[in-house]
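What follows is calculated from the coordinates using simple rules that are stated; it is not laboratory data. Treat the numbers as computed from the prediction; the structure is a model and nothing was measured. Don't worry about glycine lacking a Cβ; one is built from the backbone with ideal geometry, like all the others, and counts go over all protein chains shown.
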Amino acid sequence: MSFFNTMNISASGLTAQRLRMDIISENIANVNTTRTADGGPYKRKTVLFEEMRDNDPFSLVFSNIFGNGGSIPAPQGMGVRVTNIVEDESPGNLVYEPTHPDANEEGYVRMPNINIVEEMVNMLVASRSYEANLSAMSTARNMTQRTLEIGAGR
């Protein structure tokens, strides 16, 4: 795996986790939004990821025949990408607030389906994943720098 492949993989992880943190922040900001443009309460959003793979058969065969003694390994991962942002369709809690403008005839308000504790845990996981990608990128840079120093005879 080359230096640039390593950087591209880490960069794709950074981009995906940043978007995930943005969506989690949106969920947290809308924890009390009972009326959206669609008319109902805000619905929790989640981000779906997918592994990017190098599935080019010609390049795999060519590199393996001339570079790896003819063996054909599985395609290498090329990072991660966001495939979709989906809304959680589970219903939110009904809260008794008869004075709320969105209360129904019985005085109940349908709240968003957001669990703030779950969102905070997801934010922490996304933040740690972001940090891990930054660390991998920094380590690859340092390894390449050390290799160049050794090659220069320092």
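Binning the alpha carbon pair distances of the stretch 110-153 at 10 angstrom intervals from zero yields the distribution 24, 25, 19, 16, 10, 5, 1, expressed in whole percent.
Ranked by the mean number of other Cβ atoms within 10 Å of their residues, highest first, the peptides 35-48, 98-111 come out as 35-48, 98-111. Using a Förster distance of 41 Å, how high is the FRET efficiency between Glu89 and Thr147, based on the Cβ-Cβ distance and rounded to 0.05? Calculated transfer efficiency: 0.20. Once the C-beta distance of Met123 and Asn32 is scaled by a Förster radius of 25 Å, the resulting FRET efficiency is 0.90 to the nearest 0.05.
Please give the net charge around Leu124, taking every other residue with its beta carbon less than 14 angstrom from that of Leu124, where Lys and Arg add +1 and Asp and Glu add -1.
-1
With both labels modelled 7 Å from their Cα along Cα-to-Cβ, the Asn115 to Thr15 distance reads 3.2 nm. The label-point distance for Glu50 and Thr99, in a model that sets each label 7 Å from Cα toward Cβ, rounds to 5.0 nm.
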